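Shown next, in structure tokens, is the structure this report addresses.
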Amino acid sequence: MKTNVLELKRRKAGRLVMLTAYDYPSAKLASEAGVDLLLVGDSLGMVVLGYDSTVPVTMEEMLHHAKAARRGAPEAFIVADLPFLSYATPEQALANAARFMKEARADSVKLEGGLEVVPVVEALARAGVPVLGHAGLTPQTASALGGYKLQGKDEANARRILEECEALERAGCWGIVLEMVPAPLARLATQRLSIPTIGIGAGPDCDGQVLVFHDLVGLFSGFTPSFVKRYAEAGAAIRDAIARYAAEVRDGEFPGASQSFGMNEEVLERLYGR
Ligand code: KIV
């Protein structure tokens, strides 16, 4: 049965499993493998579309991929990432969240930021849009944070992240992704909040974990953060399969008899006889 926000909140400390998915096959595989939540993340920009950051990703690109993910996992709880500058005002956020929910049948949206996004979260929550917050390292504004770096190492920054998490909960988020913060800080945030935390590079004590699909299965050869664990080398397996195909075509081995269609001999004879 499809899960919902109330059930997800009840599963605080329930070890939620979240994985990104960007299309029909990745969503289908992830849901068949039993993940609890799919995230159509704007990491799409790097791992699928070849951009060098999440900044160029557009609403149209996100919608295109969220719709494909929904077709691959009709029963999954799908969270869609609002891309950079698609939620600068409550009005803009509402319009874009409506597109995700009505056109792509997403169950929730995710947005990045702390105190500055509180009015946006409040407006979405008031309108009945389930919102997942995202604190710590926020990739859309990573350059303002000094790059893809661990956040909350010193007392002032750790306090800021805790305050942001509490403000996001008060504003109406049903959960918060905590990215690249020290494990003890993530543990403290998880203890202080009554909504689930979902960690990525945030240690083992969050209520759930999320990874990027392409990192997990070894399909992305660009920069891979040290907190990622690869469970497969799908990229190498695919490259090897393609190289074998190319060699067999060149050697005349493919297609063989079992990949070809025959035809009636008499018809063939008549064709040859003109
Ligand atoms: O876009 C994304 O994949 C994300 C995860 C890293 C949480 O936001």
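The values are calculated or read from the model by the stated rules, or taken from the named source; none is laboratory data. Just so we're clear, the structure is a prediction, and the values are computed from it rather than from any experiment. Methodologically, a virtual Cβ is constructed for each residue, glycine included, from the backbone with ideal geometry; neighbour enumeration extends over all protein chains shown. These area figures cover heavy atoms from the full protein model, side chains too; ligands, DNA and RNA do not enter into them. Shrake-Rupley method; radii C 1.70, N 1.55, O 1.52, S 1.80 Å.
The table that follows gives values for the structure above.
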item	result
Fraction in percent of alpha-carbon pairs per bin - 5 Å, the chain	1, 6, 12, 16, 17, 15, 10, 5, 3, 3, 3, 3, 2, 1, 1, 1, 0, 0
Accessible area (Å², per residue) of the chain, counting only protein heavy atoms and a probe of 1.4 Å	52 Å²
Solvent-accessible area, 1.4 Å probe, carbon plus sulfur percent, for the chain	56 percent
Cut-off of 10 Å, at most 14 other beta carbons, DSSP loop: longest stretch of the chain lacking such chymotrypsin sites (Phe, Trp or Tyr not before Pro)	1-222
Derived scalar couplings ³J(HN,Hα) [segment 210-216; Karplus, 6.51 cos²θ - 1.76 cosθ + 1.60; whole Hz; x for Gly, Pro]	9, 9, 7, 3, 5, 5, 4
Cα-based reach from K12 at 22 Å (exclusive), listing lysines while leaving out same-chain residues under 8 positions away	K2, K110
Candidates per GluC sites (Glu not before Pro) in segment 2-93, loop by DSSP, up to 11 other Cβ within 10 Å	E75
S260, S43, S226, reordered so the largest accessible area comes first (probe 1.4 Å)	S226, S260, S43
Those trypsin sites (Lys or Arg not before Pro) in segment 190-251 that DSSP places in a loop and that have at most 12 other beta carbons within 10 Å	K229
Probe 1.4 Å - accessible area at V228, Å² to nearest ten	30 Å²
Mean separation of Cα contacts under 8 Å (6+ apart) over length of the chain, as relative contact order %	16 percent
Kirkwood-based shape ratio for segment 113-220, expressed as Rg/Rh from alpha carbons	0.97
Partner aspartates and glutamates for K28 [C-alpha distance under 13 Å; skip if fewer than 8 residues away on the same chain]	D36, E75
Cross-link partners of K229 among lysines (Cα-Cα below 19 Å; sequence separation of 8 or more within a chain)	K149
Helix 90-103 axis, angle to the chain major axis (alpha carbon atoms, nearest 10°)	30 degrees
Mean-position separation - Cα centroids, segment 14-62 and segment 203-274, in angstrom	21 Å
Rounded to the nearest 20 debye, dipole of the chain from Cβ charges on Lys, Arg, Asp, Glu	600 debye
